[in-house]
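One structure is given here, and the rest of the page talks about it.
The values are calculated or read from the model by the stated rules, or taken from the named source; none is laboratory data. These numbers come from a predicted model, not from an experiment. Cβ placement follows ideal geometry from the backbone for every residue including glycine, while neighbour counts extend to all protein chains displayed.
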Amino acid sequence: MRGGRPDTLMAVTHGKLTRSTRLSLGAIPFVLLIAAYAVGSHLRRLENPADKLLPPFGKMADAFWEMATVPDKRSGDLLLWSDTALSLGRLGVGIAVAALIAVSLGVLIGFVPRVRASLAPFVAAISLIPPITILPILFIIFGLGELSKVMLIVLGTAPIMTRSLAQAVIDIPREQIIKAETLGAGPWQLVQRVVLPQIWPKLVTAMRLGLVPAWIFLISAEAIASTGGLGYRIFLVRRYLAMDIIIPYVLWITLLAYTLDRLLHAFSRRAFRWAHLEGDSL
Amino acid sequence: MTLKTLSKSALVALGLSAACLAPISAQAEKKTDFKVCWSIYVGWMPWGYIQESGIMDLHAKKYGITVEIVQINDYVESINQYTAGEYDGCSMTNMDALSIPSAGGIDTTALIIGDFSNGNDGIVLKGKDALADIKGQSVNLVELSVSHYLLARALDTVDLKEADLTVVNTSDADMVAAYTTPDVTSVVTWNPLLSEIEAFPDSHKVFDSSEIPGEIIDIMMVNTETLADNPEFGKALVAAWYDAMTLMAKETGDEAPARSAMAEASGTDLAGYNAQLATTQMFYDPADAVAFAKDEKLIDTMKFVAQFLFDHGILGDGADSPDAVGMAFPGGKTLGDTDNIKLRFDPTYMQMAVDGAL
């Protein structure tokens, strides 16, 4: 560290930040992005006051407010809320089914060597197939209604969630199993008393990670054939470049996704305190 | 990195990203390099041929300019790119021109009226053979597209309303796959998807665009300001287009190099392409296109279209009537708000082709 100043250098990697510094540092990229948008939007509107590509903030707020509070001319629904309810419903069912599959298969694969030998390569292979590419087959099997949308989410998330839960089961120290066995536990008791309690927090983590592809598949499914939902709305109004609706919808989806993630995280910290004893977590 | 250099680089980044978002062309100015875009459709395949065969370069050179003709894989995206100012012209239908660039404030001129759909768009029912049977069904179509417009016009003829059925927005890429599932019983779509779906057993075409001839029009739209400042751009495009039209019109039978090239580019063979042309009323002769533009019926058509767009809430923000976006027609006739004319049917350049003045 020739010529360097160890004290300041150390501060870069070890400094404890005050809450306000942390918040303002975190805000910088957001502020820059918003400023870049404002400048770009202004320049475009100097050229064409009716520019649709980068609408001003006021117009987006109006459009969003209208979607949230003014009943639709055709259906009489408040579109934002009906879209949100439809999408969250599909997402919820999809993730719940994926979690169920992940727990049952994950425990079997992680705990029973014979099942692991027969299923692990299969699950690994399936997890690599992009579900969108086999869409016509999914249509034939599951129809074009709600089922195929939910199945797209399940297929897109269950394999990776299964793999991470199976790994979590494998990671349980062998000694614990042996100890329980010496105390007379049978296989079912082992699963119930040793394995499951330890993988619940891992399931929450797997769900949080699974939500990322789940949103992508939800939006794609709604873009393909639908009568409502957040993805449906975005792809519908894209036909006439209504960015004043699309941008607030994207922000709304981001907010929903972030909130879901934080809720799961908070739930995990509360319910499985023992799993969050050490280290920072995201 | 000190805070100062950090904020400096942040400012540079900000400037750069703002510059990326800033308008690119569509400026009122004299220029020599132009870009137009098109997407795959039977009536627009000539644009690809014009670029590939060198016809475009030939005419552009004559007028001392360059014109690049770019194919874009997604139709709506191509119109959006044009509207955002990325291209000086783009092929689109009369309806999409009114709802996207014109309602978005981009003054747009119909430079070349290429054709109208004469059976290329249609409604197919599974297991039923009368249009009125569509009542109560779920209908799969690309919402807010010309298919949706065709459905609205068809429903008028049997005294039904859109509220009598459920419209399911379905991506055109997945339309054929969707039709193979049992729960899809009726679709509205365009060729080549239409003929593919019609060929399934027990499928009946109950309405098609030949029953509303001349209402779904395929046009090369250009930016009005760019055209006004650069007449050579319009002349070069029109000259190249009618060169290709002359070639196409002459070709009959199996000896058809231009048509074959277009067929191949659209992923079919000569027979398949000719079948699609049969349901497309091409204006090979510029005189026919000029007559079509001058016909009063075009005004009625655009009235229907504006009403349809207004009913579906897509005639732009704050549009309080179907007249919000003004349109101009030959002979000084107008439709809608004359203070906000954003779509112009102007046969001037096609007339030059008729007069041999190019």
Please give the number of the condition B:Ala199 fails out of (1) in contact (Cβ under 8 Å) with a residue 24 or more places away in the chain; (2) more than 14 Å from every other protein chain (Cβ to nearest Cβ); (3) surrounded by fewer than 21 Cβ atoms within 10 Å (Cβ to Cβ). (1)
Find all pairs meeting these conditions: Cβ atoms under 9 angstrom apart; at least six residues apart or on different chains; first residue within region B:156-170 and in the same structural domain as B:Lys135 (by TED's automatic domain parsing) and part of a loop (DSSP other than H, G, I, E, B); second residue of a type in the set (Gly, Ala, Ser) and exposed (fewer than 15 other Cβ atoms within 10 Å of the Cβ). B:Val158/B:Ala130; B:Val158/B:Ala132; B:Asp159/B:Ala132; B:Leu160/B:Ala132; B:Leu165/B:Gly136
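Hey, any hits in region B:86-108 for a residue that's surrounded by fewer than 23 Cβ atoms within 10 Å (Cβ to Cβ), more than 14 Å from chain A (Cβ to nearest Cβ) and either over 15 Å from the mean Cα position of the chain (by Cα) or modelled with pLDDT under 95 (or both)? Can you show your working first?
Taking region B:86-108 as the starting set, the residues that turn out to be surrounded by fewer than 23 Cβ atoms within 10 Å (Cβ to Cβ) are B:86, B:105, B:107.
Among the residues that remain, those that are also more than 14 Å from chain A (Cβ to nearest Cβ) are: none.
No, every residue in region B:86-108 fails to be surrounded by fewer than 23 Cβ atoms within 10 Å (Cβ to Cβ), more than 14 Å from chain A (Cβ to nearest Cβ) and either over 15 Å from the mean Cα position of the chain (by Cα) or modelled with pLDDT under 95 (or both).
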Just give me the residues in region B:202-241 being among the hydroxyl-bearing types (Ser, Thr, Tyr), in contact with a helix residue (DSSP H, G or I) (Cβ under 8 Å, 6 or more places away or on another chain) and surrounded by fewer than 21 Cβ atoms within 10 Å (Cβ to Cβ), in sequence order. B:Ser203
Select from region B:337-358 the residues that are at pLDDT below 95, assigned to a loop (DSSP other than H, G, I, E, B) and not charged (D, E, K, R) and write down the one among them that is surrounded by the fewest Cβ atoms within 10 Å (Cβ to Cβ). B:Gly356
Hey, could you check region A:241-282 for residues that are among the small types (Gly, Ala, Ser) and farther than 30 Å from B:Gly313 by Cβ and say which is surrounded by the most Cβ atoms within 10 Å (Cβ to Cβ)? A:Ser268
Taking region B:70-85, which residues are surrounded by fewer than 22 Cβ atoms within 10 Å (Cβ to Cβ), hydrophobic (A, V, I, L, M, F, W, C) and touching a strand residue (DSSP E or B) at 6+ places or on another chain (Cβ under 8 Å)? B:Val70, B:Ile72
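Results for (1) within 12 Å of chain A (Cβ to nearest Cβ); (2) crowded, with 19+ Cβ neighbours inside 10 Å, shown as yes or no for each residue.
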residue	(1), (2)
B:Gln137	no, no
B:Asn140	yes, yes
B:Ser145	yes, yes
B:Leu151	no, yes
B:Asp156	no, no
B:Leu165	yes, no
B:Asn169	yes, yes
B:Asp172	yes, no
B:Ala178	yes, yes
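Restricted to region A:222-234, and to residues that are part of a helix (DSSP H, G or I) and modelled with pLDDT of 90 or more, which residue is surrounded by the fewest Cβ atoms within 10 Å (Cβ to Cβ)? Give the steps one after another, and end with the answer.
Quick first cut of region A:222-234, residues part of a helix (DSSP H, G or I) only: A:222-224, A:230-234.
Still in the list and also modelled with pLDDT of 90 or more: A:222, A:230-234.
Numbers: A:Glu222: 26, A:Leu230: 24, A:Gly231: 26, A:Tyr232: 23, A:Arg233: 25, A:Ile234: 20.
Ranking the qualifying residues of region A:222-234, first place goes to A:Ile234.
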Restricting region A:63-102 to residues that are touching a residue at least 24 places away in the same chain (Cβ under 8 Å) and within 11 Å of chain B (Cβ to nearest Cβ), the one farthest from A:Ser41 (Cα to Cα) turns out to be A:Leu79
Candidate set from region B:264-277 (those that are part of a helix (DSSP H, G or I) and without any contact (Cβ under 8 Å) to a residue 24 or more places away in the chain); member that is farthest from B:Val70 (Cα to Cα): B:Ala271
